Amino acid sequence: MRTRDIAGSAGIPACIERREARTTVSVLIARLQARNLALPTRGLRFLSAAFLCLFFSGCRGGIQSAIDPAGPQAGRISKLWWLMFYVCSVVFVLVIIAALIAVVRSRSKQSKAARVEKITDKPKLSLSKAEEQRMTRTVQGAVAVTVVILFVFLIASFSIGRSLSSDMENKGLVTIEVTGHQWWWEVRYMDTNPSKIFTTANEIHIPVGQPVTLKLHSTDVIHSFWVPNLNGKKDLIPGKDATIWLQADQAGVYRGQCAEYCGLQHAHMALFVFAEPVDKFNAWMDAQRAESVAPSNESEQRGQQVFLTSPCIMCHTIQGTQANATTGPNLTHVASRSTIAAGTLPFTRGHLSGWIVDSQSIKPGNHMPPIALNSEDVQALLDYLQSLK
Ligand code: HEC
Ligand SMILES: [Cu+2]
């Protein structure tokens with residue numbers, strides 16, 4: 001089993017940084033161009049080359065890419081993608097060649113016609129019968145080839161679409177309920193024994209090499225669950241249950257993204273799938289099922305008190321305390337996650353404190369209000385939240 005180098009928590013901040021770097025360069029180019037519209041052509045050429053390199057570096061595959069499959073379903077989807085890509089590339093090249101031939105030919109014909117016109121004084125507009133027949137045959141042939149290609153695409157995409165779910169139906173050993181909220185993912189691991197059910201958010205752990213069943217719901221608007229390295233998209237429609245199966249054959253971290261515009265913070269509605277060897281996965285499940293750890297020092301104790309006596313308790317659950325509201329993500333083991341706010345920020349003390357003091361400046365419109373706390377209370381709260389492994 002090959003483990004990807006993106007595995008582990010280091011992959012996630014690196015991925016966020018790479019994205020930022022790319023945006024910074026495009027902003028820089030835009031600024032340069034705005035300041036000096038008449039950039040020397042060499043400079044412009046260099047900049048566009050640099051820009052294209054950055055642009056295509058985004059296509060290299062990686063942590064969130066449909067053409068870097070890590071499981072059987074994504075593998076089939078990427079095969080379909082490559083089939084369409086190669087066929088369309090060939091068609092594109094042929095069309096361009098045909099267009100060039102047409103241009104060259106019509107030029108030479110025009111100059112010939114002009115010469116004829118000069119002599120006879122009559123414009124030559126009509127085609128000869130043989131020419132007309134040849135053109136008709138060419139068009140007929142092109143239409144026939146197009147129809148055949150479209151049929152091949154139709155059949156290929158239909159049969160792959162069907163095989164994505166039919167192959168794995170009822171085979172998932174683990175069932176996970178994923179509920180889309182504006183703008184985060186509630187993740188609930190189901191079990192026939194109710195005491196083993198637990199809830200987490202935005203990060204889904206799965207065992208490597210096994211199909212996993214995901215039951216999808218939404219409580220507000222339509223969202224779409226999409227982890228490109230593992231499977232295609234599936235919509236979460238309020239009042240309608242949907243099911244999708246995931247299987248990762250390579251251990252690693254895969255980024256997913258809500259793929260249906262769902263409001264202001266749609267772009268900040270990411271998730272991560274951690275595909276782990278079975279024993280590691282089972283250990284993770286056991287840790288998540290446990291109640292939250294009790295405060296181990298004075299500061300954590302104070303932090304817990306702050307949490308339980310401030311508005312936090314109205315929206316969040318911390319199992320093992322009185323906090324059991326479900327408006328926001330379950331925080332019982334929040335410190336075991338690598339990111340907060342649906343992949344928006346890495347889980348670090350600094351980001352956590354920024355989030356608690358004013359999450360609206362980070363993710364405007366999200367459903368957590370700014371909460372006024374004095375700085376000692378914030379520090380104690382941070383100590384407590386960071387202890388919730
Ligand atoms: C009115 C409800 C509400 C209150 C009050 C509230 N939160 Fe939240 N909280 C949310 C929601 C909703 C989110 C998810 C936001 C998002 O990602 O879009 C969230 C997210 C978080 C997260 C990130 C969790 C994760 O895994 O992504 C933390 C940590 C958090 N809240 C801590 C607190 C603390 C500490 C308090 C009290 C000082 C508090 N919240 C008060 C609703 C609330
Ligand atoms: Cu969404």
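Bear in mind these aren't lab numbers, they're just calculated from the coordinates by the rules spelled out. In this text, all values refer to a predicted model and were calculated from it rather than measured experimentally. Note that each Cβ is placed from the backbone with ideal geometry, even for glycine, and that neighbours are counted across all protein chains shown.
At a glance:
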| read-out | value |
| --- | --- |
| Ranked V178, V91, criterion: other C-beta atoms within 10 Å, fewest first | V91, V178 |
| Spin-label model distance (nm) - I119 vs V278, 7 Å beyond Cα toward Cβ | 8.7 |
| Peptide ranges 222-232, 239-249 listed from the most packed, as the mean C-beta count within 10 angstrom indicates | 222-232, 239-249 |
| Rounded FRET efficiency, nearest 0.05, which uses the C-beta distance separating A242 from S128 and R0 of 56 Å | 0.35 |
| Sequence-distant residues sharing a close amide H with I340 (under 5 Å, placed H) | L345, F347 |
| Packing-based order for 150-162, 356-368, using average beta carbon neighbours within 10 Å, highest first | 356-368, 150-162 |
| From the C-alpha gyration tensor of region 213-343, square roots of 5λ in Å | 29, 20, 13 |
| For region 321-389: rounded, prolate or oblate by the Cα gyration tensor [a/c cutoff 1.5] | rounded |
| Relative contact order of region 298-387, pairs being alpha-carbon contacts under 8 Å that are 6 or more residues apart, as % | 35 |
| Estimated vicinal HN-Hα couplings, Hz - region 364-373 in sequence order (Karplus 6.51, -1.76, 1.60; Gly, Pro = x) | x, x, 5, 8, 10, x, x, 10, 7, 9 |
| Per-peptide average of other Cβ atoms within 10 Å, ordering 101-110, 261-270, 206-215 highest first | 206-215, 261-270, 101-110 |
| Proximal lysines relative to K234, as straight alpha-carbon distance under 21 Å, when same-chain residues fewer than 8 apart are discounted | K79, K171, K215 |
| Gained length - V103 relative to T309, 0.36 nm times residue gap less alpha-carbon distance | 66.4 nm |
| Student exercise, region 298-387 dipole from Lys, Arg, Asp, Glu Cβ charges, in Debye to nearest 20 | 300 |
| Stretchable slack from S157 to E169, in nm (0.36 nm times residue separation minus alpha-carbon distance) | 2.4 nm |
| Under Karplus coefficients 6.51, -1.76 and 1.60, residue-wise ³J(HN,Hα) of region 130-142 in Hz, glycine/proline x | 4, 4, 4, 4, 5, 5, 4, 4, 4, 5, 4, x, 5 |
| Cross-link partners of K389 among lysines (Cα-Cα below 16 Å; sequence separation of 8 or more within a chain) | K280 |
